[in-house]
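K.L.:
Before anything else, here's the structure in question.
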Amino acid sequence: MHVAIGLVVLVASAASLAALARRFGISEPLVLTLAGVVASYLPHVPEVHPDPEVVLLGFLPPLLYTSAIRTSLVDFRANARTIALLSVGLVLFSTFAVAAVVWWLLPVPFAVAVALGAVVAPTDAVAATGIARRIGMPRRIVTILEDESMFNDATALVTVRTAIAAAAGTVSVWKAGGDFLLAAGGGAAVGIVVAYLLAMLRRRITDPVLDTTLSFLAPFVAYLPAEGIKASGVIAVVTCGMVLGHGAPVWQSAASRIAERTNWRTIQFILESVVFLMIGLQMRAIIEGAWNSDLDHGTLIVAAVAVMLAAMLSRPLWVFPVALLSRKLGLSNADVPLSHPVVVSWAGMRGVVTLAAVLLLPADTPQLPVLKLLALIVVAGTLLLQGTSLPWLVRRLHVRGPSRAENALQKANLLQQATAAGLAELDKHITPDTPPGVVEQLRDRVTWKTNAAWERLGRSESELATPTAEYRRLRLEMLRAERETVLRVRDSGGADYEILQYVLSQLDLEESMIDRFDETEEEHIEPLAAPAATDSCAHLESAPLVREPTEPDECKECIAEGYTWVHLRMCLSCGHIACCDSSVGNHATKHYGSTGHPVMRSVEPGEAWRWCYVDELLG
């Protein structure tokens, strides 16, 4: 009973602290770790001694899997060289840099020093990408940091185990190299095989409950066999997750994907919060153990500072030369600004894997309490120093990711392409028996969805209520009234419970599908230019970027017909101003239909994107 109560208090405290950190925009890992440190000094708070198997098997595979299924396999391939240099080269460089400091300052064998170096070498995905997404880094940096932190775990854990074996005198250089190749290649092979076996099962499962159950088993089904053949369970889990995530739109039903996404986000939130709180809760016992060891206090303090500096500075010492050399040899994109390597070099926060790896050190390891303290100081120090200064550095270097407006533009462009394909398929499958009203309803539905995306690019709803905004507002009011009526019937006992649950679930489903603006997103006022079109378009290439309008900023057709427009567009062939497709008149498209002028440009404030009607491309 005491254990159960302790677990409930631990999870509830971690979740509450993480929620507060999100509410005030503070780094969750940092808040949880510091809270754990403070709590460890409070009376009646028991010492936390996590079992290595619990951390390695209960925490690590699910956390890696939930990150992997959301990772783009396409982006990983595009940045594979950079990710490999960081997840393998940088980890080994950091390992031996820290090992040299430890071996110089502490009375431990070199193999033990290497083991500690490997423990503190890998970065943490949660700490880095949580900050990256909150402050708006470029997507390439986020991808590199996230993928690096998944794969460097494998390098670190293999190095730790090899160093422990070397300390026991049971490993050679050749055996270490062979073990590393087996870990990497074997782990990837097991991950791929498991992923495709699970995919075969998923194709035959339509029940979201069964599919989610299979998803919960996936990280362990990949991890355990890989570890059983002495391969890397970490690489197996990451590979399996990336393959399953990439194939999910084909292998899973929509209901299964939604259920999996929601459930894994919940699991990730709980596990991450608990792990960082546990890191802090261990601090008091580890500090006291190291302080009462036979090592003099001056050496202990110097070692703690030196190891943390070595762990932090080894990253830029590796990143900058490699980035400059890659650029000189033409192996990297010369258009990438030097500010990007600066940010990557400073995003070196440690976390979950360091906690798991330090628990692998045997009980008879020389100076074990000191080594545990050094590992946790690196975690807490990097979270505090790098975690708090990284947002300032990003702002100082003027490094920014895509704005809300740029994201909205890309979403609208992609939705337009998908809608065009859907309408073309609709035309192919209409039969003489198809009711015209059904066809019209389908056309209206997909057109409404696309127009809603384009409306996000114009003036905010506070200035102008768009048709889709009014639809959302009115439909939500209707759903509220419908739900109140159903609940009154429920309370009066006027319908069976199963019937009530079915009707309420239908209302919930529709409400969840209604598109809303995220009111917390920051509005950006920089000019909104379209990205270069992915396909060549002669019309966009020949059309001017801007031209002087031949008319005032108003839709003459709407004025003549008594309509109110939503957004305005300008024809780049003749300068004619007309309303968008969300407007009742739809006069910009009608102008194209009557004149054949192919390219229009938005004339909304802060927008500079163009659209080709012929090829349906942005430019």
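The values are calculated or read from the model by the stated rules, or taken from the named source; none is laboratory data. As the structure is a prediction and not an experimental result, all values here were calculated from the model. Here Cβ is always computed from backbone atoms with ideal geometry, including for glycine, and neighbour counts include all displayed protein chains. Keep in mind that these areas ignore ligands, DNA and RNA; they rest on the heavy atoms of the full protein, side chains included. Shrake-Rupley method; radii C 1.70, N 1.55, O 1.52, S 1.80 Å.
K.L.:
Counting only heavy atoms of the protein chains, get the accessible area per residue of the chain (1.4 Å probe) and round it to a whole Å² value.
P.N.:
Per-residue value: 49 Å².
K.L.:
Further question on the same structure: Just the isolated ones, please: cysteines in the chain lacking another cysteine beta carbon under 4.7 angstrom.
P.N.:
Cys240, Cys537, Cys571, Cys574, Cys580, Cys612
K.L.:
Same structure again: Pick out, in residue order, every one of the GluC sites (Glu not before Pro) in the range 544-611 that is DSSP loop and has at most 13 other C-beta atoms within 10 Å; say none if there are none. Can you show the working numbers first?
P.N.:
Working: sites: Glu554, Glu557, Glu561, Glu607; in loops: Glu554.
Counting only loop positions with at most 13 other Cβ atoms within 10 Å, the GluC sites (Glu not before Pro) in the range 544-611 are Glu554.
K.L.:
Here's a follow-up. Would you mind computing Rg(Cα) / (2.2 N^0.38 Å) for the range 235-360, counting N as its residues? Mind dumping the intermediate values first?
P.N.:
Details: Rg = 21.2 Å, N = 126, 2.2 N^0.38 = 13.8 Å.
For the range 235-360, the normalised Cα radius of gyration comes out at 1.53.
K.L.:
Please work out how much accessible surface Ser542 shows to a 1.4 Å probe, ignoring ligands, DNA and RNA, in Å² rounded to 10.
P.N.:
Roughly 90 Å² of Ser542 is accessible to a 1.4 Å probe.
K.L.:
Please compute the length gained on full extension between Val8 and Arg23, using 0.36 nm multiplied by the number of residues separating them and subtracting their Cα-Cα distance.
P.N.:
3.2 nm
K.L.:
Go ahead and estimate [θ] at 222 nm for the chain from helices alone: -39,500 (n - 2.57) per DSSP H run with n ≥ 4, summed, over the residue count, rounded to 500.
P.N.:
Value at 222 nm, helices only: -22000 deg cm²/dmol.
K.L.:
To make sure I understand the rule: partners must be lysines, Cα under 20 Å from the Cα of Lys175, and not fewer than 8 residues away in the same chain. Which ones qualify?
P.N.:
Lys230
K.L.:
Given a Förster radius of 60 Å and the C-beta distance between Leu509 and Leu317 as r, what FRET efficiency does 1/(1 + (r/R0)^6) yield to the nearest 0.05?
P.N.:
Taking R0 as 60 Å, the efficiency between Leu509 and Leu317 is 0.65.
K.L.:
Work out the length of the dipole vector of the range 288-403 about its Cα centre, built from +1 on the beta-carbon of each Lys and Arg and -1 on the beta-carbon of each Asp and Glu, and round it to the nearest 20 debye.
P.N.:
740 debye
K.L.:
Same structure, new question: For the range 73-118, take N as its residue count and report Rg(C-alpha) divided by 2.2 N^0.38 Å. List each step's numbers first, then the result.
P.N.:
Numbers: Rg = 14.5 Å, N = 46, 2.2 N^0.38 = 9.4 Å.
Computed over Cα atoms of the range 73-118, the ratio equals 1.54.
K.L.:
I would also like to ask the following. Taking the Cα centre of the range 1-106 as origin, work out the dipole magnitude from +1 charges on Lys and Arg Cβ and -1 charges on Asp and Glu Cβ, in debye rounded to 20.
P.N.:
Using only the charged Cβ atoms, the result is roughly 440 debye.
K.L.:
Using a 1.4 Å probe on the protein chains only, how many percent of the accessible area of the chain belongs to carbon and sulfur?
P.N.:
With neighbouring chains kept in place, the figure for the chain is 64 percent.
K.L.:
In addition: Quick one: work out Rg over Rh on the C-alpha atoms of the chain, Rh as Kirkwood radius.
P.N.:
Here the Rg-to-Rh quotient is 1.03.
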